[in-house]
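Student: Could you have a look at this structure, given as structure tokens, before my questions?
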Amino acid sequence: MADKKAEKPKAVIVLAMHGSPPLDFPREEMTEFMSLHARVGHAPGPDADRLRRRYEELEAKMRAWPRTGQNDPFCAGSQDLAKHLRRESGLEVIVGFNEFCAPSLDKVLERAAARDAEKIIVVTPMMTRGGEHSAVDIPEAVRRVRQKYPDQKFVYAWPFPTEDIARFLSSQIAHFL
């Protein structure tokens, strides 16, 4: 009997989330990380490499920090949203984070591309225009991974129509009237 080739998935959803530092990350290292975050692109000369290396070291430590619902409610909420989105859409949903938390958006986009789906749909709950993550960082991550997987179809399902956002918020408000 011939093996049936697995059917190509129709789509994979990448849920692009902001990310949040864990509440129990060492305070001194958090302060140093935030200070470096503000300075790393502006340091002159040989100091720049040293600062960037230290920033990347702290970022890797923070992203790898074990997460729970207690020390990172945002991460837990992101996973809960993915579970509900998976149930609503019937599609695989993979969560990636812009910063502070693992897995990174780039890694998740690569993981999604490796699934060889017909389409990778990237979506974020960041609803309004003007945010740096939704308007700049997420499209840049998609562009970087698209270069590695030129035959893969990526769709960034953003921005949301303002009237749809207003309708959603209005329905939410109605629950409280």
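Laboratory data are not the source of any read-out in this text; all were calculated from the coordinates shown. Because the structure is a prediction, the values reported are computed rather than measured. Heads up, the Cβs are rebuilt from the backbone with ideal geometry, glycines too, and the neighbour counts pull from every protein chain shown.
Student: What is the dipole size for the chain, taken about its Cα centre, with +1 at each Lys and Arg Cβ and -1 at each Asp and Glu Cβ, in debye to the nearest 20?
Tutor: It comes to approximately 540 debye.
Student: Amide H of THR124: which non-local residues (sequence gap of 5 or more, or other chain) have their own amide H closer than 5 Å, using H built in the peptide plane?
Tutor: ALA16
Student: Hey, another quick one. For a quick check, take a GNM of the chain with Cα springs below 10 Å and name the residue from VAL40, VAL14, VAL142 with the largest mean-square fluctuation.
Tutor: Greatest mean-square fluctuation among the candidates belongs to VAL40.
Student: Give the relative contact order (percent, whole number) for the chain; include only Cα pairs under 8 Å separated by 6+ residues.
Tutor: 30
Student: Mind checking the range 139-176 for trypsin sites (Lys or Arg not before Pro) that DSSP puts in a loop (not H, G, I, E or B) and that have at most 15 other Cβ atoms within 10 Å? Before the final figure, lay out each step's value.
Tutor: Working: sites: ARG143, ARG144, ARG146, LYS148, LYS153, ARG167; in loops: LYS153.
When the trypsin sites (Lys or Arg not before Pro) of the range 139-176 are filtered for loop state and at most 15 Cβ neighbours within 10 Å, LYS153 remain.
Student: How big is the C-alpha Rg of the chain next to the rule-of-thumb value 2.2 N^0.38 Å, as a ratio?
Tutor: Normalised by 2.2 N^0.38 Å, the Cα Rg of the chain equals 1.20.
Student: Which order do the peptides 101-107, 86-92, 75-81, 156-162 take when ranked by the mean count of other beta-carbon atoms within 10 Å per residue, highest first?
Tutor: Values: 101-107: 18.7, 86-92: 12.1, 75-81: 16.4, 156-162: 14.0.
Highest mean packing first, the order is 101-107, 75-81, 156-162, 86-92.
Student: Kindly count the pairs of lysines across the chain whose alpha carbons are less than 24 Å apart, treating pairs on different chains or eight or more residues apart as eligible.
Tutor: Counting lysine pairs in the chain gives 22.
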